[in-house]
Amino acid sequence: DLPLAVIAPYRKDHPLLATLDPFVREHAVKNDTLNILLNAGELRNAIADLAFAQGTVCVGSSANVSLSGTKYRLEDVDPELRVVADVETDYGLCAHHNPQGLSSTMVDFTTFRVQRAGACFEQIANVMRREFGVELQRPA
């Protein structure tokens, strides 16, 4: 249950991606890759399952203004974002909250370059080394 964002190539012709609004699709991909957050918690998994059952995907943005830091509780989300939300869910404190304000670890799986060493980075690096023989390097 370690928070890992996988950056990897995707099939542009995949039927589920065709369900996305063009604006959303344009902002959800970068350089022919898609960033998929794994282990985001039970609530996110349930929402993703509901979306999949309806023949679509669950896409979301960070609940923060760019470069303003990770928000671990609903009450910490910037008011200008909360006012435009259709739904708010107070799910309590995030499981991987930390005093450093780290978000998920992001790894580009085409090169195994660490885009962001986030929460649980050392544990993720240990799993990658032990299970797959891949050495993740913390970015400078």
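The values are calculated or read from the model by the stated rules, or taken from the named source; none is laboratory data. Given the structure is predicted, the values throughout are model-derived calculations rather than measurements. Heads up, the Cβs are rebuilt from the backbone with ideal geometry, glycines too, and the neighbour counts pull from every protein chain shown. The accessibility values were calculated without ligands, DNA or RNA, using every heavy atom of the protein model including side chains. Shrake-Rupley method; radii C 1.70, N 1.55, O 1.52, S 1.80 Å.
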Given backbone amide H placed at 1.01 Å from N, residues whose amide H is under 5 Å from that of L38, ignoring those fewer than 5 places away on the same chain, are L4, A5, V6
Out of residues 5 or more away from R116 or on other chains, whose amide H comes under 5 Å of its own, with H placed 1.01 Å from N in the peptide plane? M106
What percentages, rounded to whole numbers, describe P(r) for the range 14-72 computed over all alpha carbon pairs with 5 Å bin width beginning at zero? 4, 15, 22, 27, 21, 10, 3
Considering only F23, F112, F52, give the residue with the highest GNM mean-square fluctuation for the chain, with springs between Cα atoms whenever their separation is below 10 Å. F23
Expressed as a percent, the accessible surface of the range 1-90 that is carbon or sulfur, using a 1.4 Å probe and the full set of protein chains, is 55
For the range 87-136, accessible area per residue (1.4 Å probe, heavy atoms of protein chains only), Å²: 64
Given charges at beta-carbon only (K, R positive; D, E negative), |dipole| of the chain in Debye: 500
Using a Gaussian network for the chain with springs between C-alpha atoms less than 10 Å apart, which of these wobbles most: A53, A85, A40? A85
Summing -39500 (n - 2.57) over every DSSP H run of at least 4 residues in the chain and dividing by its residue count gives a helix-only mean residue ellipticity at 222 nm, to the nearest 500 deg cm²/dmol, of -7000 deg cm²/dmol
What translational diffusion coefficient, in µm²/s and rounded to a whole number, does the Stokes-Einstein relation yield for the chain at 10 °C and a viscosity of 1.306 mPa s, taking the hydrodynamic radius as the Kirkwood radius over Cα pairs? 95
